[in-house]
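I have placed the structure first, in the form of structure tokens, so that the comments after it can refer back to it.
Laboratory data are not the source of any read-out in this text; all were calculated from the coordinates shown. Keep in mind that this is a model prediction, so the values were computed, not measured. Cβ atoms come from the backbone with ideal geometry, glycine included; neighbour counts cover every protein chain shown.
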Amino acid sequence: MKIDVKTLTIHGVAEDLEKGRYTATDLAQAYLARLSEVEPKINAFAKYDADKLLAEAAASDQRRATGREFSPYDGIPIGIKDNISVKGETCSAGSKTLMDYVPPFDATLIKNLRENGFIPFGRTNMDELAMGSTTRTSVYGMTSNPWGMDYVPGGSSGGSAAAVAAAELPGAIGTDTGGSVRQPAAFCGVYGMKPTYGRISRYGIAAMASSLDQAGPLTRNVLDTAILLEAMGGADPLDGMTLPGPCTGLVEAVKNTDLSFLKGLRVGVVKEYMEWSELEDVCRSSVTNTLELLKSHGAEIIEVELPATLLATQAYFAIMMAEASTNLERVDGIRYGQQVPGAKLNDIYLNSRAQFGENAKLRLLAGTLITTNRCYQDYFVNAQKVRTELVNQFTEIFKKCDVLLTPTSPTMPARKDTPPSLKFQADFYGVDCNLSANCAINVPAEIAANGMPIGIQFIAAPKHDELLLKAVRAYELCRPAVEFIPNI
């Protein structure tokens, strides 16, 4: 049977498998055929094992034949970012230093996915050590945007976003430290969610900035987002920062949401976000159009102010670089990472860490400087004060609003040959949610005149993931009909 993978969704595949329209093996073969067709153009994967996928699909078929499937999603392959540990597979985080590292265990989110029958498949490409917003600093080479081969897919989870957009898989997992799931989702025309901090365990994820990192799903619609979030999330004794209790009820909440949810929904518009000088008109217009649409279906639009956001990007980079520098001290050629010989122990450290790319070196050097006695108070401590003020301002905003609607990115995707920028403006609409633990999701909204997708961002207060997903579902029901499927 020929399966058209371009239109498949996770919940749709689950229904097809249940009704016996095809098997998990048929599905795996269809995706492998798609990979052979488009992967040479996109480079969304660092690597993948076709034989392993077929073996796990066959095992799923056997379970289903005996009525012992783990869940309705048993046998569905999901892409895994290259900084998430999968037992027996390399986990290099897109870096030359870690190309030979093979974890002896599964990350908690991988274990949870397996318990639901999902098949973790492949290592999706990423910016080295999750430091970047273009997926062009990977040791495995640059990833292309499926909507335009000459454009970047965003980052650092660009491989995961590109794989879903190109229908190489029905869903994938990325990590988000300052927008690294949401921004590539916007560039590639897919959904990308950063859940509330602590909703998904960080155990087994190569840490960049521990107080900011959070894994999140990339999918084709909001129901699939809820499915993966529910499957991955929940308390974990191996990560003391996870929220208590299981992550349940999200799928049913989304299924039971209709247009009436928008009536009286208080949608906030942040003045500073909409007036920022770096925001391109096409991205601003997409938000404005959505606000008018939501208002026409009964939503209340409320303008709010968030002055702390004007310092948030600087605060984010101070905190992120300091935490990254500390976390990555272990990648020294002795404890982790490829060891490059040297005459003395210090030479081994220097030679081994010299394998980092230029972008990673820049951030690690800056982070080391920030944590010195000379700079700690002025940079790191003051950044934490900004973070506290940002949290306080969000708390007041969410007393007036249920959700916020913002741009996801201030710009459209750049061409791959565009020189890197040190302004970090790509992170402006992403970092606030990581600093404040808010949940947020990119949603495809429109297709621009140049044929590239435009994403918008919904934000809700911490622990209000269900409300966020329901708001997005209501928006889906009134959004003009657009097929976000690239011509590839």
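Against the condition more than 17 Å from Thr225 (Cα to Cα) and among the charged types (D, E, K, R), how does Lys416 come out, does it pass? Even if it seems obvious, please write down each step before you answer.
On the way: more than 17 Å from Thr225 (Cα to Cα): yes; among the charged types (D, E, K, R): yes.
Judged against the criteria, Lys416 is a match.
List the number of the failed condition for Cys283; all other conditions in (1) touching a residue at least 12 places away in the same chain (Cβ under 8 Å); (2) part of a helix (DSSP H, G or I); (3) surrounded by fewer than 19 Cβ atoms within 10 Å (Cβ to Cβ) hold.
(3)
Look at the stretch 26-71 and say how many of its residues are of a type in the set (Val, Ile, Thr) and closer than 22 Å to Ser157 by Cα. Spell out how you get there, then give the answer.
Step one: list which residues in the stretch 26-71 are of a type in the set (Val, Ile, Thr), which gives 38, 42, 66.
Going one step further and asking which of them are closer than 22 Å to Ser157 by Cα, we end up with 38, 42.
Number of matching residues: 2.
Only one of these is closer than 22 Å to Val181 by Cα and either of a type in the set (A, V, I, L, M, F, W, C) or without any contact (Cβ under 8 Å) to a residue 60 or more places away in the chain (or both): Ile3, Ile76. Name it.
Ile76
Could you check the stretch 297-334 and list, in sequence order, the residues that are in contact (Cβ under 8 Å) with a residue 60 or more places away in the chain and of a type in the set (S, T, N, Q)?
Listed by number, the residues that qualify are Thr309, Thr313, Gln314, Asn327.
With the structure loaded, tell me whether Tyr48 is closer than 28 Å to Asp150 by Cα and either surrounded by 15 or more Cβ atoms within 10 Å (Cβ to Cβ) or touching a Leu at 6+ places or on another chain (Cβ under 9 Å) (or both) or whether it fails that test.
Considered against the rule, which asks whether it is closer than 28 Å to Asp150 by Cα and either surrounded by 15 or more Cβ atoms within 10 Å (Cβ to Cβ) or touching a Leu at 6+ places or on another chain (Cβ under 9 Å) (or both), Tyr48 comes out as yes.
In this structure, does Lys19 turn out to be on the phi < 0 side of the Ramachandran plot and surrounded by fewer than 14 Cβ atoms within 10 Å (Cβ to Cβ)?
yes
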